[in-house]
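**Student:** The structure that follows is given in the form of structure tokens.
The values are calculated or read from the model by the stated rules, or taken from the named source; none is laboratory data. This structure is a prediction, so every number in the text was calculated from the model and none was measured. Quick reminder, even Gly has a Cβ in these numbers, built from the backbone with ideal geometry, and neighbours come from all protein chains shown. In case anyone asks, the SASA skips ligands and DNA or RNA and just uses the protein heavy atoms, side chains included. Shrake-Rupley method; radii C 1.70, N 1.55, O 1.52, S 1.80 Å.
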Amino acid sequence: MNKINIGIIGGGAAGFFAAIEIASLNPSFHVTILEKTEKLLTKVLVSGGGRCNITNACFDTDELIKNYPRGNKELRNIFHRFNPADTIEWFESKGVQLKTEKDNRVFPVTDNSETIINLFLQLTGKYNVEIIKDYSVKEIEKSSYGFILNPDSKFKITFDKLVIATGGNSRPEFYSMFEKLGHTIIPPVPSLFTFNVENHPLEGLEGISLEKVKVKITDTKLQQEGPFLLTHWGFSGPVILKLSAFGARLINDMNYNFDVEINWVPDVNDIMKYLTDIKSNFPNKIIHSASQFYLPLRLWKRLVELAGINEDLKWTETSKEKLKTFSDILTANRFQVKGKTTFKEEFVTAGGVSLKEVDFKNMESKICKGLYFAGEVLDIDGITGGFNFQSAWSTAFIAANGI
Ligand SMILES: Cc1cc2nc3c(=O)[nH]c(=O)nc-3n(C[C@H](O)[C@H](O)[C@H](O)COP(=O)(O)OP(=O)(O)OC[C@H]3O[C@@H](n4cnc5c(N)ncnc54)[C@H](O)[C@@H]3O)c2cc1C
């Protein structure tokens, strides 16, 4: 009897995971990974600053899905079947020792993404997965017995079933072969980027970081809280990346030109009362030189200057209007964002194959039987912290089990 041929398009995180699972679950299948470049697992190699943040130790499904701006509803079901605890067990059972850092990100103890790559290569070897590099799939034809890849070329290959694990891409043309098979593509836009802010009044303070600020996109409901970093090109840090993810589409619609308001003291409820209290408790203190709210002194001084408060002014000498201006600067400091930067960060694509057309019980297309999807090619993306690999492993696991 002929072996069942399974083709996996894409030699990245989801493709390798699916291949290993399929081949180990059913050794009678012949599994082939087709990768368009001459390198395998490129993103895994550079991921997590070369350390590969494989997942996040977030074990509560309700909490976990909050980290996915797109796909959270569908992921809820599949996380019941393969979640971060399963990821940790999967890697550890195969000999990879892991560690969880204090922000819940999980890495191999070697702090080296090659540990993960070596494991994948070793397991694909063990389960006889065939790997074809330099093979770019440009067209997929559905036939009565399966699928023909690149049917008009001399290198056409046929498979009984296919797993699409091509990852994300910001160019819409990338998805046209899936559209030709009947799938709807949610227009791709970048997610997880930092904000460029030119000539802003905080220039010279680069490198300052804060544990918690609130950043809001002006005139929208979009806001996030978290750690913040001032860079030489603008604003960065987890709060900005998170805002870029949840606002990915809206920010794209605004052509990456928009205003943000920063609340430097998000935990203070009534800022005017707080400032008035300081004024009455420390009337003779000079405002400029004594930072409040644990703000770095350099930042505090700059904010004081922005409020038009002189260097030698004492609290008792401030008018109510001045205090009001200062409170506005502390809680809604406005900046103009002009452009974005994806700089070594874990950038991903929002958009991709519409989730409505995929059966999340097995990741099979509802439109084209025998076609399965896994990873970032789908309209699923997470924030930084290991969530993107987690959705790649989970969808690949479900697809493999479906097959
Ligand atoms: C710099 C960086 C760091 C990151 N760090 C992390 C991290 O630490 N933790 C985390 O969770 N996420 C991280 N991410 C995100 C994560 O890497 C991706 O979400 C994940 O790799 C998606 O897996 P995938 O298999 O779907 O796609 P990919 O890993 O992108 O793999 C897709 C593969 O398919 C191939 N391919 C595409 N089209 C074709 C075609 N037509 N024919 C044949 N082959 C094709 C591509 O060449 C590629 O090898 C990072 C991303 C970047 C850019």
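**Student:** With θ set to phi - 60° and the Karplus curve 6.51 cos²θ - 1.76 cosθ + 1.60, what are the ³J(HN,Hα) couplings of the stretch 331-342 in order, to the nearest whole Hz, using x for Gly and Pro?
**Tutor:** Going residue by residue, I get 10, 8, 6, 9, 9, 9, 8, 10, x, 9, 9, 10 Hz, with x marking Gly and Pro.
**Student:** So for each of 242-250, 92-100, 54-62 I average, over its residues, the number of other beta carbons within 10 Å; can you give me the resulting order with the highest mean first?
**Tutor:** Highest-to-lowest ranking by the protection proxy: 242-250, 54-62, 92-100.
**Student:** Continuing with the same structure: Quick one: what Rg and Dmax do you get for the stretch 56-169 from the alpha carbons, in Å?
**Tutor:** 18.5, 53
**Student:** Right, something else. What is the sum of charges, Lys and Arg at +1 and Asp and Glu at -1, for the other residues whose Cβ falls under 11 Å from the Cβ of Ala290?
**Tutor:** Net local charge, Ala290 excluded: +3.
**Student:** Could I ask something else about it? Rank these by accessible area, largest first, 1.4 Å probe: Glu203, Glu74.
**Tutor:** My answer, sorted largest first, is Glu203, Glu74.
**Student:** Which translational diffusion coefficient, to the nearest whole µm²/s, is obtained for the stretch 253-326 from the Stokes-Einstein equation, given a Kirkwood hydrodynamic radius over C-alpha pairs, 25 °C and 0.890 mPa s?
**Tutor:** The calculation lands on 183 µm²/s.
**Student:** Find which of Pro108, Leu121, Met177 sits farthest along the positive direction of the dipole of the chain, computed with +1 on the beta-carbon of Lys and Arg, -1 on that of Asp and Glu, about the Cα centre.
**Tutor:** Met177
**Student:** Hey, if we sort Thr110, Thr231 by accessible area with the 1.4 Å probe, largest down, what's the order?
**Tutor:** Thr110, Thr231
**Student:** Based on Cβ point charges of +1 for Lys and Arg and -1 for Asp and Glu, what charge dipole magnitude is obtained for the chain about its Cα centre, in debye rounded to the nearest 20?
**Tutor:** About 220 debye.
**Student:** Might you report the magnitude of the Cβ-based charge dipole of the stretch 194-345 about its Cα centre, with Lys and Arg at +1 and Asp and Glu at -1, to the nearest 20 debye?
**Tutor:** 180 debye
**Student:** In the calculated pair distance distribution of the stretch 1-83, what percentage of Cα-Cα distances lie above 17 Å?
**Tutor:** 63 percent
**Student:** Hey, another quick one. Size of the dipole of the stretch 1-107 about the Cα centre, Lys and Arg at +1 and Asp and Glu at -1 on the beta carbon, nothing else charged, in debye to 20? Before the final figure, lay out the partial values.
**Tutor:** On the way: 14 positive and 12 negative charges, 56 e Å.
Roughly 260 debye, rounded to the nearest 20.
**Student:** For Ala290 and Lys324 in one chain, what is 0.36 nm times their gap in residues minus the Cα-Cα distance, to one decimal in nm? Don't skip to the end; give the middle numbers.
**Tutor:** Working: separation 34, 0.36 × 34 = 12.24 nm, distance 1.85 nm.
10.4 nm is the gain from fully extending Ala290 to Lys324.
**Student:** Would you please put 12-24, 365-377, 304-316 in order of how densely packed they are, using the mean number of other Cβ atoms within 10 angstrom per residue and starting with the highest?
**Tutor:** Listed from highest to lowest mean packing, they are 12-24, 365-377, 304-316.
**Student:** In deg cm²/dmol and to the nearest 500, what is the mean residue ellipticity at 222 nm of the chain if only DSSP H runs of at least 4 residues count, each as -39500 (n - 2.57), divided by the residue total?
**Tutor:** For the chain, the value works out to -9000 deg cm²/dmol.
**Student:** So what are the ³J(HN,Hα) numbers for the stretch 268-273, from phi and the Karplus equation (6.51, -1.76, 1.60; θ = phi - 60°), rounded to whole Hz, Gly and Pro as x?
**Tutor:** Each residue of the stretch 268-273 in turn: 8, 6, 10, 5, 4, 5 Hz.
**Student:** Give me the one-decimal Kirkwood hydrodynamic radius in Å for the stretch 194-345, with the sum taken over alpha-carbon pairs. List each step's numbers first, then the result.
**Tutor:** Values: mean 1/r = 0.0621 Å⁻¹.
Roughly 16.1 Å, rounded to one decimal.
**Student:** May I pose another question? At a Förster radius of 25 Å, what calculated FRET efficiency corresponds to the Cβ-Cβ distance of Lys356 and Lys66, to the nearest 0.05? Provide the component values of the computation, followed by the final result.
**Tutor:** On the way: r = 22 Å, r/R0 = 0.86.
That gives a FRET efficiency of 0.70.
**Student:** So who's got an amide H within less than 5 Å of the one on Asp259, skipping anything under 5 residues away but keeping other chains? H placed 1.01 Å off N, in plane.
**Tutor:** Correct list: Thr218, Val337.
**Student:** List the equivalent ellipsoid semi-axes of the stretch 226-283 in whole Å, largest first, each obtained as the square root of 5λ for an eigenvalue λ of the Cα gyration tensor.
**Tutor:** 32, 13, 11
**Student:** What share of all Cα pairs of the stretch 293-403, in percent, falls into each consecutive 5 Å distance bin?
**Tutor:** 2, 9, 14, 13, 8, 7, 6, 7, 7, 7, 7, 6, 4, 2, 1, 0
**Student:** To check my understanding: the extent here is largest minus smallest coordinate of the Cα atoms along each principal axis. What are those three numbers for the chain, in Å, largest first?
**Tutor:** So the extents along the principal axes, rounded to whole Å, are 92, 41, 34.
**Student:** For the chain, calculate the relative contact order in percent as a whole number, restricting contacts to Cα pairs under 8 Å that are 6 or more residues apart. Intermediate values should be presented prior to the final figure.
**Tutor:** Working: 852 pairs, mean separation 95.6, N = 403.
In percent, rounded to a whole number, it is 24.
**Student:** Skip the ligands, DNA and RNA, and give the accessible area per residue of the stretch 201-353 with a 1.4 Å probe, whole Å².
**Tutor:** Ligands and nucleic acids excluded, the result is 50 Å² per residue.
**Student:** Which order, highest average first, do 389-396, 102-109 follow once you tally other Cβ atoms within 10 Å for each residue and take the mean per peptide?
**Tutor:** 389-396, 102-109
**Student:** Under 5 Å between amide hydrogens, which residues at least 5 positions from Ile286 or on another chain qualify, with H placed 1.01 Å from N in the peptide plane?
**Tutor:** none
**Student:** Right, something else. Taking the simple approach of a point 7 Å from Cα along Cα-to-Cβ for both Glu211 and Ser28, what is their distance in nm?
**Tutor:** 6.0 nm
**Student:** Please compute the contact order of the stretch 194-345 in relative form: average sequence separation of alpha-carbon pairs under 8 Å and at least six residues apart, divided by the residue count, as a percent.
**Tutor:** 31 percent
**Student:** Leaving ligands, DNA and RNA out of it, work out the accessible area of Arg334 with a 1.4 Å probe and give it in Å² to the nearest 10.
**Tutor:** Here the accessible area works out near 130 Å².
**Student:** Residue separation times 0.36 nm, minus the C-alpha to C-alpha distance between Glu179 and Asn2: what's the value?
**Tutor:** Numbers: separation 177, 0.36 × 177 = 63.72 nm, distance 3.08 nm.
Stretched fully, the Glu179-Asn2 segment lengthens by 60.6 nm.
**Student:** Enumerate the residues in the stretch 244-282 having an amide nitrogen under 14 Å from the point lying 7 Å beyond the Cα of Lys314 toward its Cβ.
**Tutor:** Once the point is set 7 Å along Cα→Cβ of Lys314, 279-282 turn out to lie under 14 Å by backbone N, inside the stretch 244-282.
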